[in-house]
Amino acid sequence: MIEESVGTAEVDATRERIEDSVDAARERLAREEARLLAALVAGAPQPPGFDPARLRIQAHSLIAKRRGLVAVALPGLVSALGAEFAREFFAYADGRPKPPGGSRADAHAFVEWLRAEGRLPAAPEQRRTSRWRGWLRKS
């Protein structure tokens, strides 16, 4: 057995060094993941070692996913904005992480952003949905 030939103290010291090394690697990985995530969703600088074009493609893909979830939450707004919905949502979401609270919070923040920018369309009377009216009232 290794402990008998080397000694318990040396084995314990080796285990401790390995655990420290693993902990340091985990901490380093967590920092790198946070930098990558910030670059993808919050407009932070890209971390070294990543292809800028691929990061941009992935960031746009994540915005498209958010846009789809907001579209499900606010179909009346999608109708009211028409072809401008995708462009407006990109302008809102680019460099802005999804707010805490999930897609509903993102939808609400998008409506508030449109309102603040003076680009919130009036809800069409014929196509008003309860979801559309609800979001207009919540501000």
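A few comments on the model shown:
- Gain on full extension, evaluated as 0.36 nm per residue between residue 122 and residue 31 minus their Cα-Cα distance, stands at 28.4 nm.
- For the pair residue 90 and residue 53, label points projected 7 Å from Cα toward Cβ lie 1.8 nm apart.
Just so you know, all these numbers are worked out from the coordinates, no wet-lab data involved. Since we're looking at a predicted model, the values are computed, not measured. So basically every Cβ, Gly included, is an ideal-geometry build from the backbone, and we count neighbours across all protein chains shown.
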